[in-house]
C-alpha cells in the first residue's frame with residue numbers, strides 16, 4: 001500500500017516558470033515545493049509532469065511516490081474557504 005494522498009497524475013503539472021503544481025481547477029494551483037496557492041490561467045501550464053520530474057520531487061521529499069495514474073503527495077495546506085459571517 002502506498003502512503004500519501006493520491007492525486008490524479010493529470011492534475012500535477014509544470015508551469016512555464018518550471019514550478020511543479022497541482023491544478024485544482026478554477027484557476028487555482030498549489031505549489032508542490034511551498035504548499036502555497038497560486039492563482040493563474042491554463043495558459044501558464046507548460047506540460048503534465050513527466051517521470052523524471054516526479055522522480056526529482058520524490059528525491060527532494062516533496063511527494064511520497066507516483067505510478068502511471070497517481071502522484072501520492074504529503075499533506076498540504078487546505079485551500080482558503082469563505083466562512084459564513
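Points worth noting:
- Total residues in the stretch 19-28 satisfying the condition of being assigned to a loop (DSSP other than H, G, I, E, B) and either closer than 21 Å to residue 65 by Cβ or touching a strand residue (DSSP E or B) at 6+ places or on another chain (Cβ under 8 Å) (or both): the figure is 2.
Here's the yes/no breakdown for (1) exposed (fewer than 10 other Cβ atoms within 10 Å of the Cβ); (2) touching a residue at least 40 places away in the same chain (Cβ under 8 Å); (3) assigned to a strand (DSSP E or B):
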| site | (1), (2), (3) |
| --- | --- |
| 6 | no, yes, yes |
| 14 | no, no, yes |
| 17 | yes, no, no |
| 30 | no, yes, yes |
| 43 | yes, no, no |
| 55 | no, no, no |
| 68 | yes, yes, no |
| 76 | no, yes, no |
| 84 | yes, no, no |
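- Here residue 22 passes the criteria (1) more than 13 Å from residue 77 (Cβ to Cβ); (2) surrounded by 10 or more Cβ atoms within 10 Å (Cβ to Cβ) except the one numbered (1).
- Filter result (in contact with a strand residue (DSSP E or B) (Cβ under 7 Å, 6 or more places away or on another chain) and farther than 18 Å from residue 65 by Cα) within the stretch 3-18: 15, 16
- Residues of the stretch 22-37 that are out of contact with any helix residue (DSSP H, G or I) (no Cβ under 9 Å at 6 or more places or on another chain) and on the phi < 0 side of the Ramachandran plot: 28, 30, 31, 34, 36, 37.
Only the coordinates and a few stated rules stand behind these numbers; no lab work does. Bear in mind that the values here come from a model prediction, so they are computed numbers and not experimental data. We place every Cβ from the backbone using ideal geometry, glycine too, and count neighbours over all the protein chains shown.
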